[in-house]
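Below you'll find the structure, written out as structure tokens, and then a few comments.
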Amino acid sequence: MPAARVEYIAPWWVVWLHSVPHLGLRLQRVDSTFNPRDENYQESLLFLGLVAAVCLGLNLVFLTANLVCVCCCRQDGAAQTKLRKSCCVTWSAVVAGLVCCAAVGIGFYGNSETNDGVYQLIYSLGNANHTFSGIDTLVSGTTQKMTVDLEQHLARLSEIFATRGDYLQTLKFLQRMASNIIAQLSGVPVWTGVTAELTELADQTGYVEYYRWLSYLLLFILDLVICFIACLGLARRSRCILALMLCCGLLALLLSWASMAADTAAAVGASDFCTAPDTFLLNMTEGHLSAEVTRYYLYCDQSMSSPFQQALTAFQRSLTAMQIQVAGLLQFAVPIFPTAENELIRIQLLLNSSESSLQQLTAMLDCRGLHKDYLDALTGICYDGIEGLLFLGLFSLLAALAFSTMTCSGLRAWKRFTTRDRDYDDIDDDDPFNPQARRIAAHNPARGQLHSFCSYSSGLGSQTSLQPPAQTVSNAPVSEYMNQAVLFGGNPRYENTPLIGRGSPPPTYTPSMRATYLSLADEHPRHYGREFPA
């Protein structure tokens with residue numbers, strides 16, 4: 001089978017991330033070789049997180065400067081300028097929302113890729129753990145058979161063959177062969193410690209990955225909710241909703257840069273490992289496993305012989321010799337000692353079982369199974385895992401850009417809403433065409449009617465002192481129009497009132513305002529008719 005260096009080729013993004021300068025907190029150059037236990041290497045990854053923190057600080061400074069500009073700049077009163085700025089704010093918010101949605105889509109893909117890669121690693125660790133556990137089980141089971149079960153059978157046969165020295169020599173030969181098999185099995189590494197470490201690593205990785213995946217999922221949902229709140233606030237022109245959006249947007253901005261820092265450090269660290277994974281594993285297993293065994297499983301080169309081949313061959317030879325001796329005893333000793341047949345048959349079954357265990361052990365110790373698990377684990381980390389981290393980093397960057405733009409647009413929209421309300425406050429509350437006066441009238445009809453006709457009533461009261469000459473009330477429209485003109489004393493505000501004679505108020509009046517309008521229109525001519533008789 002080809003070597004691992006030929007089968008596993010680090011992707012281009014691993015090479016690119018590994019070439020990122022590794023600097024310590026004092027800006028000194030640090031070796032980029034993956035060594036998570038080295039403090040200087042840990043500082044180099046922490047430095048990458050601090051770079052993201054500096055970017056967050058610059059982003060906040062930019063937002064602060066934008067806030068100062070929005071608060072200090074004077075509002076242009078031109079209608080065309082206001083319309084152009086309103087369109088600019090709206091389109092900026094729309095583009096920011098679209099960028100945020102695109103970032104969330106990229107984030108979903110990256111989160112899924114990273115999750116797939118991590119669980120492929122966990123699955124490979126589980127397969128390797130199963131292989132190591134099986135090797136330990138076979139070795140311990142065969143040793144148990146040779147030391148305990150075989151010794152019991154040989155002890156009973158020694159009592160049966162006590163009078164025959166030649167048969168006792170055969171039993172001693174079987175004991176030597178059994179000891180030889182035990183000695184050969186002792187050369188097989190005990191994987192109990194490795195199994196425990198792999199189990200702990202798989203459990204911790206699965207635990208961290210679950211909460212990492214869940215955290216990003218909640219972050220995606222938060223970003224979408226903030227986009228919806230921003231659209232709702234701008235559509236309803238609500239300062240309360242807009243304030244909620246600004247607060248949540250700043251929180252999402254902080255989380256985006258925090259995730260950017262974590263993704264960058266994790267991607268660079270994983271790339272350092274994927275650049276030379278075999279070197280790191282050789283250093284990690286030094287003192288626990290021989291370099292020959294480690295290289296055999298990492299490279300699985302056909303030109304390399306198995307380090308267990310000699311022990312397995314000796315095991316096979318000893319087992320074959322024992323089977324021949326037991327078969328001879330069954331053929332020649334049983335006719336003389338019939339009671340020995342049962343014990344010899346049990347020994348023969350034990351040796352057959354040991355031969356089956358030897359075949360399974362040979363298959364498990366072969367490098368191809370563990371090497372495949374090793375390559376699958378590298379594929380999960382270095383391909384899917386790091387690729388997903390890159391997409392998550394792109395999501396964080398786009399989300400930070402989107403929320404920065406959305407915050408700037410929200411601040412400008414806030415000022416526009418405040419300026420609009422201030423302009424409404426400058427309008428006379430007695431004006432029936434004031435939007436705020438209409439809103440007040442909707443909530444308080446009595447008060448709304450009073451404010452809507454205050455100027456009208458005051459105009460009528462002021463005209464009573466003029467004592468206009470008596471006019472004859474006529475049904476002719478022109479005469480009625482002239483009488484109404486005299487009624488209002490020639491005031492320009494009430495002269496052009498052609499709708500009075502038709503009993504129709506302006507179309508913006510409410511039904512209650514219309515009733516009051518008509519009652520006043522009918523009452524005041526009678527009042528002036530009595531005061532100025534014809």
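Could you list, in sequence order, the residues of segment 17-45 that are without any contact (Cβ under 8 Å) to a residue 12 or more places away in the chain and either at positive phi or part of a helix (DSSP H, G or I) (or both)?
Of everything in segment 17-45, those that are without any contact (Cβ under 8 Å) to a residue 12 or more places away in the chain and either at positive phi or part of a helix (DSSP H, G or I) (or both) turn out to be Leu27, Glu39, Gln42.
Scan segment 1-16 residue by residue and report those that are in a helix (DSSP H, G or I) and either modelled with pLDDT of 90 or more or open to solvent by 50 Å² or more (accessible area, probe 1.4 Å) (or both).
Those that are in a helix (DSSP H, G or I) and either modelled with pLDDT of 90 or more or open to solvent by 50 Å² or more (accessible area, probe 1.4 Å) (or both): Arg5, Val6, Glu7, Trp12, Trp13, Val14, Val15, Trp16.
How many residues does segment 362-375 contain that are within 30 Å of the chain's Cα centre (by Cα) and crowded, with 17+ Cβ neighbours inside 10 Å?
So the count comes out to 2.
Hey, can you tell me all the residues within segment 189-239 that are closer than 30 Å to Glu355 by Cβ and in contact with a Phe, Trp or Tyr (Cβ under 6 Å, 6 or more places away or on another chain)?
Trp191, Val194, Thr195
I'd like to verify a number: residues in segment 73-100 that are surrounded by 14 or more Cβ atoms within 10 Å (Cβ to Cβ) and either at pLDDT 80 or above or within 28 Å of the chain's Cα centre (by Cα) (or both), how many?
Looking only at that region, the number is 8.
Going through segment 132-144 one residue at a time, which ones are surrounded by 20 or more Cβ atoms within 10 Å (Cβ to Cβ) and hydroxyl-bearing (Ser, Thr, Tyr)?
Scanning segment 132-144 gives a single hit, Thr142.
If Pro189 satisfies all but one of (1) in contact with a strand residue (DSSP E or B) (Cβ under 8 Å, 6 or more places away or on another chain); (2) at pLDDT 90 or above, what's the number of the condition it fails?
Of (1) in contact with a strand residue (DSSP E or B) (Cβ under 8 Å, 6 or more places away or on another chain); (2) at pLDDT 90 or above, only one is false for Pro189: (2).
Is it the case, given these coordinates, that Trp191 is under 27 Å from Ile381 (Cβ atoms) and open to solvent by less than 30 Å² (accessible area, probe 1.4 Å)?
Against the criterion (under 27 Å from Ile381 (Cβ atoms) and open to solvent by less than 30 Å² (accessible area, probe 1.4 Å)), Trp191 qualifies.
Could you pull out every one of the helices (runs of 4 or more DSSP H) wholly within segment 235-347 that has 1 or more residues that are touching a strand residue (DSSP E or B) at 6+ places or on another chain (Cβ under 9 Å) and open to solvent by less than 70 Å² (accessible area, probe 1.4 Å)?
Helices (runs of 4 or more DSSP H) meeting the threshold: 291-299.
Each row is one residue, and each column tells you yes or no for (1) farther than 30 Å from Cys101 by Cα; (2) polar (S, T, N, Q).
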position	(1), (2)
Leu244	no, no
Ala258	no, no
Ala276	yes, no
Ser290	yes, yes
Ser306	yes, yes
Leu312	yes, no
Gln323	yes, yes
Phe332	yes, no
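Are any residues in segment 180-234 of a type in the set (Val, Ile, Thr) and not in a loop (DSSP other than H, G, I, E, B), and if so, which ones?
Ile181, Ile182, Thr192, Val194, Thr195, Thr199, Thr205, Val208, Ile221, Val225, Ile226, Ile229
The values are calculated or read from the model by the stated rules, or taken from the named source; none is laboratory data. Being a predicted model, the structure only gives us computed values, none of them experimental. Note that we place each Cβ from the backbone using ideal geometry, even for glycine, and neighbour counts take in every protein chain shown. When the accessible area is computed, the model is the full protein with side chains, heavy atoms only, and any ligands, DNA or RNA have been set aside. Shrake-Rupley method; radii C 1.70, N 1.55, O 1.52, S 1.80 Å.
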